[in-house]
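First the structure, in the form of structure tokens, and then the observations on it.
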Amino acid sequence: MLYDRNISPGKNQACASCHMPYAAFSGPIPSVNLTMVAFPGTVHLRAGKRTPQRHPYAPFFPVFQYNQVQGLFFGGNFWDSRATGYKLRIPDAEQAQGPPVDTQEMGFPDTACIAFRLSQAVYRPLFEEVWGEGSFDIKFPRETGRICATPGGAAVFGGNTTPVPLSAGDRTRANIVYDRWAQSIDSFEQSVHVSPFSSKFDAFLAGKYTLTPDEMAGFKLFNGKGNCNSCHLDGRGTTLKSDQADTSAAAMMNPLFTCFGSANEGVPLNPGNAFYYQTKPDSYGFIANPYGFGYRDLGLGSFLRSAFGSGPNPNLNWKQYAPTVDGQMQVSSVRDVALAPPQCPTTEAPGPYFQKAFFHNGYFKSLKQVVHFYNTRDKYAYPVTSGHCPKGTTEKVDCWPMPEVRNNIDMTTGNLGLTDEEENQIVAFLQTLSDGFTRPYLNSDTYTGACMKGGSATTQGNEHLIPTPLLPACASAICGVAPIPSPSIP
Ligand code: HEC
Ligand code: HEC
């Protein structure tokens, strides 16, 4: 199902178009990761607005919930947690239900199109074997084929999101097929084929691998001076101060390297993101982003408000907390963040390397940059936007542009005092979290493109930096939706 291109109007896009195993099921095309970040959809001139997240370990996120005592949200899938699991009780299954009807992704105009195309799939008998013989007892009207071949958001639909005319009973059956399809995908993503716990680090936990001195130093920094494990949980305590020693026993757990929460790390706006430029109607009369650079990614905050670019929030009680989470994104698992095809075995220049994009807007092009940001965000902070660092400074080296969203910035990191070598050791540790060490990672060797070579991980991709235009005020469809962000967002 992940590889089935028929689950798109043009029969030209599958989940795998944006998620391939050789990139740990994240963005498969290096040039996109390097530049426009968001991947093209079934209509190739439409693209989403964030980097494709990895599938591994996404199924382990719990149902999205507000912890009243801590005053924090946990769980859900997507960068803004909008796949909550509210209905199916599995965030990852509800996540799978997003792309097929996302106008910038696989782009069906109606969820019933999934049942329709599955009813024609070669694997239909397998689906019926698992979910029941009568699964497809649905009378699809003759025009269904034509409707499902037209991308969602097209002007001909006049805003109707259920253009396939089905009886109430058939609509319910089509919805059930859609739910079952999503559960099947979740089941695969949770299996050892995708989430196998087969990394060096897992072997180390089992006493079957000895970390190299650099990897071990990186592990200690990860839960020590770097304070990374206060969010990317590794089953150890945090020893922030140099005179602290962790004398506790490791917790008996299978660390997922996430707390399932969200945080605003203060990442600069990335003007390379294709979303900013989709301001004119396409050939179907659809406009992905009428606000251009008036778009701001408030992450979880926009989801709680059901605002432009996210939603809908199924629980009205959550809405009041939006101002406390503006700018927050999901704490991704760092498992497999460094996974790259064996032919180009690293994400770091000089390589030979495979170009990835990190964080929700792909601003970072190497793990070295990510760690350097955590280390020096506040030390080298400048009140400029990307592409405008002062003369004599180098962006991402000794100049960090201001955050896209200034509210609720997490101050756990930002000035860690790590040396250059210590940063590299943390990167070396992150690389021990790639699956495929104890047994091969399935289909990780199918990359047929070229590797990239040369340069330095510190400035990797800097040749593609473009100056951010003068930013118009945040659009009212985003920043003007109650409860209004506080302080207000420029
Ligand atoms: C056009 C590119 C594209 C396609 C096609 C696509 N995705 Fe994604 N995927 C993304 C992007 C971008 C995100 C992050 C989106 C966000 O947070 O708003 C994402 C997020 C996810 C996540 C969330 C992981 C997490 O940790 O929360 C999973 C799982 C996933 N996709 C699976 C799928 C499946 C299954 C399909 C097919 C049904 C699919 N994707 C199709 C681009 C795509
Ligand atoms: C306060 C919580 C918090 C702390 C502490 C923290 N992180 Fe993160 N981490 C996050 C969040 C939230 C994201 C996603 C941010 C985004 O996309 O805007 C993230 C993303 C990442 C990613 C990118 C993952 C991806 O899929 O692109 C890496 C790598 C990472 N963190 C490593 C680290 C390291 C190394 C440290 C310690 C130096 C650290 N983190 C400390 C919350 C945290």
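Which residues, counting only those in segment 314-340, are crowded, with 22+ Cβ neighbours inside 10 Å and away from ligand 2 (no atom under 14 Å from the Cβ)?
ALA322
A quick yes/no check of all residues on (1) touching a Lys or Arg at 6+ places or on another chain (Cβ under 7 Å); (2) crowded, with 20+ Cβ neighbours inside 10 Å; (3) touching a residue at least 60 places away in the same chain (Cβ under 8 Å):
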{"site": "ASP202", "(1), (2), (3)": "no, yes, yes"}
{"site": "LEU205", "(1), (2), (3)": "no, no, no"}
{"site": "THR212", "(1), (2), (3)": "no, no, yes"}
{"site": "ASP234", "(1), (2), (3)": "no, yes, no"}
{"site": "PRO255", "(1), (2), (3)": "no, yes, no"}
{"site": "LEU269", "(1), (2), (3)": "no, yes, yes"}
{"site": "PHE275", "(1), (2), (3)": "yes, yes, yes"}
{"site": "ASP282", "(1), (2), (3)": "yes, no, yes"}
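Go through segment 158-196 and give me each residue that's part of a loop (DSSP other than H, G, I, E, B), free of Cβ contacts under 8 Å to residues at least 60 places away in the same chain and either hydrophobic (A, V, I, L, M, F, W, C) or more than 30 Å from PHE25 (Cβ to Cβ) (or both).
Listed by number, the residues that qualify are GLY158, GLY159, ASN160, THR162, PRO163, VAL164, PRO165, LEU166, SER167, VAL192.
Every residue, every condition in (1) near ligand 1 (Cβ under 8 Å from one of its atoms); (2) in contact (Cβ under 8 Å) with a residue 60 or more places away in the chain; (3) in a loop (DSSP other than H, G, I, E, B), yes or no:
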position	(1), (2), (3)
ASP4	no, yes, yes
GLY10	no, yes, yes
TYR22	no, yes, no
PRO28	no, yes, yes
ASN33	no, yes, no
ALA38	yes, yes, yes
HIS44	no, no, yes
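Of all residues being more than 16 Å from the chain's Cα centre (by Cα) and surrounded by fewer than 21 Cβ atoms within 10 Å (Cβ to Cβ) in segment 75-97, which is nearest to ligand 2 (Cβ to nearest atom)? Just the residue, please. Outline the logic, then answer.
Initial filter on segment 75-97 (more than 16 Å from the chain's Cα centre (by Cα)): 85-90.
Filter once more, so that each one left must be surrounded by fewer than 21 Cβ atoms within 10 Å (Cβ to Cβ): 86-89.
On the way: TYR86: 22, LYS87: 25, LEU88: 24, ARG89: 24 Å.
The qualifying residue nearest to ligand 2 (Cβ to nearest atom) is TYR86.
Can you name the condition, by its number, that ILE409 falls short on among (1) within 13 Å of ligand 2 (Cβ to nearest atom); (2) closer than 21 Å to LEU465 by Cβ; (3) of a type outside the set (Gly, Ala, Ser); (4) surrounded by fewer than 23 Cβ atoms within 10 Å (Cβ to Cβ)?
For ILE409, the failing item is (2).
Determine, yes or no, whether SER302 is in contact with a Gly (Cβ under 9 Å, 6 or more places away or on another chain), of a type in the set (Ser, Thr, Tyr), within 13 Å of ligand 2 (Cβ to nearest atom) and at pLDDT 95 or above.
Values: in contact with a Gly (Cβ under 9 Å, 6 or more places away or on another chain): yes; of a type in the set (Ser, Thr, Tyr): yes; within 13 Å of ligand 2 (Cβ to nearest atom): no; at pLDDT 95 or above: yes.
So SER302 fails the test.
Would you mind stating whether ILE409 is at pLDDT 95 or above and more than 24 Å from ILE489 (Cβ to Cβ)?
When the stated conditions are applied, ILE409 does not pass them.
If the requirement is being part of a loop (DSSP other than H, G, I, E, B), closer than 30 Å to GLY48 by Cα and not hydrophobic (A, V, I, L, M, F, W, C), which of these qualifies: ASP234, ASP282?
The unique qualifying residue is ASP282.
Determine if segment 101-113 includes at least one residue that is surrounded by 23 or more Cβ atoms within 10 Å (Cβ to Cβ) and of a type in the set (Asp, Glu). Reasoning before the result, please.
Within segment 101-113, the first condition is being surrounded by 23 or more Cβ atoms within 10 Å (Cβ to Cβ), and the residues that meet it are 104-110, 112-113.
Cutting the leftovers down to of a type in the set (Asp, Glu) gives us 105, 110.
For segment 101-113, residues surrounded by 23 or more Cβ atoms within 10 Å (Cβ to Cβ) and of a type in the set (Asp, Glu): present.
Give me a count of the residues in segment 62-76 that are touching a residue at least 60 places away in the same chain (Cβ under 8 Å) and not in a loop (DSSP other than H, G, I, E, B).
4
If you go through segment 360-406, how many residues are under 22 Å from the mean Cα position of the chain (by Cα), within 29 Å of CYS344 (Cβ to Cβ) and surrounded by fewer than 16 Cβ atoms within 10 Å (Cβ to Cβ)?
0
In this structure, is ASP110 free of Cβ contacts under 8 Å to residues at least 60 places away in the same chain, among the acidic types (Asp, Glu) and more than 16 Å from ligand 2 (Cβ to nearest atom)?
Values: free of Cβ contacts under 8 Å to residues at least 60 places away in the same chain: yes; among the acidic types (Asp, Glu): yes; more than 16 Å from ligand 2 (Cβ to nearest atom): yes.
Yes; evaluated as a whole, the condition is true for this residue.
Among the residues of segment 289-305, how many are part of a loop (DSSP other than H, G, I, E, B) and within 19 Å of the chain's Cα centre (by Cα)?
So the answer is 4.
Collect the residues in segment 446-477 that are farther than 25 Å from ALA357 by Cα and in a helix (DSSP H, G or I), keeping them in residue-number order.
Within segment 446-477, SER476, ALA477 qualify.
Would you say ARG50 is within 9 Å of ligand 1 (Cβ to nearest atom) and within 23 Å of PRO271 (Cβ to Cβ)?
In short, yes.
The values are calculated or read from the model by the stated rules, or taken from the named source; none is laboratory data. If you're wondering where the values come from, they're calculated on a predicted model, not measured in any experiment. Reconstructed Cβ throughout: ideal geometry from the backbone, glycine too, with neighbour counts over all protein chains shown.
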